[in-house]
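Nothing in this text is a laboratory measurement; each read-out follows from the coordinates by a stated rule. Note that the coordinates shown come from a computational prediction; the quantities given were computed from them, not determined experimentally. Cβ placement follows ideal geometry from the backbone for every residue including glycine, while neighbour counts extend to all protein chains displayed.
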Amino acid sequence: MAENIEHNERILRKVRKQIEFYLSDANLSKDRVTCCTYSEAISSGGIPADFFLKCNRVKERITTIAEIEEALKTSKYLQFADGKVFRKFPFQPRTNQDRCTIYVENIPSYATQEKVRKWFRPYGKVVYVSLPKSKAGTIKGYAFVEFNTEEEAERCKASHQESGMYIENRDPAELLSVKTFEGFEDHEGETETGEPENQPCESAEEVHSEEVTKEDVATQFRILSRNDWKKERNKYLNNWRKEGKARRQEIWRQQMKINRRRKIAEEEKALQPKTELNFQCGLIVKISLKEEIHDPKSIKDQLKAIGGIKYVEAMQGAVEAIVRTESPDVASSLVKNPLGKGEVLTGQIVHKRIRGKFTQKSAVNYLRRK
């Protein structure tokens, strides 16, 4: 029975600390959802208690408003009344977050918000931890730790400067926050500008019984003040924008060259005189042979021997031969020849089908290509 009571008290204590974190100045300065809910609730005096039952870290431990009321009985900062949660002190937005925050690298893969709080507790009170994760859910290897005061952040910075673990004179592209960047829409744990974003379901619990292990002690962190981190990040972004602008300008120049060459080619083509085929009528003669062609070569030789012949078509077994001549006079002379009766092809006759070979083509064009 005593163990159950102690277990319930431990759960309620964790719930109280979680809700205190949600309504802390540090979280309300970052968490848009809780801040908007708090701002809307100011007029009515408090936040409805069922709002916290929707938060993962609370609803996994308790399920009723009565348990929230029980958990907040011992709170120094919050009070419960009429189903609502009130702050005992007015909300004071933190305006010095950057000066109170440090950027930390070499965070091990087994790290949690609680462990990070514990590791940096010797330097002062840690009020906020952002531990970005990849799309796969793994730790990216860096974190943002916000202390309660600027003096505590300076103490952490000075300690790491003395031990040589402060990041200085480093290429901004080598920062883990840059190397592990996965795009604005996928950069879990950070806003679009790369600044820490609230993760209320993962933070705010203090570890009471867990001791520091040798593995924790051996962890060597490298840090950078948030202001210095912003300078390095902006330096990288500026270089990236310049390189991107240079690439875009080079692509534009190459495209302009292509367009210019294409335009010159079109202009030159437009200036070239258009050549038209001038067909001369009366050059083609159809000869009706006295007998079928048994030796096409012999027929061709006989016709070419007449003179002025450019081309002869004579096919095996045919009874006609087509002849293209150099001039209409030569064509006229072939009307009477020893091989058969000739006929000069003119007008539409030229475009008729001849032995099925000139479909959709004129005899003139066909013979001129030869």
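Label-to-label distance, E151 versus E343, with points set 7 angstrom from Cα along the beta-carbon direction: 12.2 nm. Candidate cross-link partners of K235 among the lysines, defined by an alpha-carbon separation under 17 Å and a same-chain spacing of 8 or more, comprise K179, K245. Each residue, Y110 and E162, gets one label point 7 Å from its Cα in the Cβ direction; the gap between the two is 2.9 nm. Across segment 16-30, the residues whose backbone nitrogen lies under 18 Å from the label position 7 Å along the beta-carbon direction of F86 are 20, 23-24. For a straight C-alpha distance cut-off of 27 angstrom, the lysines reachable from K336 (same-chain residues fewer than eight places away being disregarded) are K286, K290, K297, K300, K304, K310, K352, K357, K370. In order along segment 322-327, the Karplus-derived 3J(HN,Hα) couplings, from 6.51 cos²θ - 1.76 cosθ + 1.60 at θ = phi - 60°, round to 10, 10, 9, 10, 7, 8 Hz, and Gly and Pro are given as x. Amide hydrogen proximity for E320: with H placed 1.01 Å from N in the peptide plane, the residues at 5 or more positions away or on another chain lying under 5 Å are L289. Across segment 54-160, C-alpha contacts under 8 Å between residues 6 or more apart give a mean separation that, scaled by the residue count, equals a relative contact order of 24 percent.
Sort 97-106, 263-272, 4-13, 55-64 for me by packing, meaning the mean count of neighbouring Cβ atoms within 10 Å per residue, highest on top.
Numbers: 97-106: 21.2, 263-272: 8.8, 4-13: 12.4, 55-64: 14.8.
The packing order, highest mean first, is 97-106, 55-64, 4-13, 263-272.
Kindly flag which residue pairs out of K88/K230; K88/K133; K84/K140; K73/K157; K59/K133 have an alpha-carbon separation exceeding 32 Å in this structure.
Working: K88/K230 35 Å; K88/K133 34 Å; K84/K140 38 Å; K73/K157 38 Å; K59/K133 23 Å.
Cα-Cα > 32 Å for K88/K230; K88/K133; K84/K140; K73/K157; rest within.
The distance between label points at R121 and H7 comes to 2.5 nm (points 7 Å beyond Cα on the Cα→Cβ vector).
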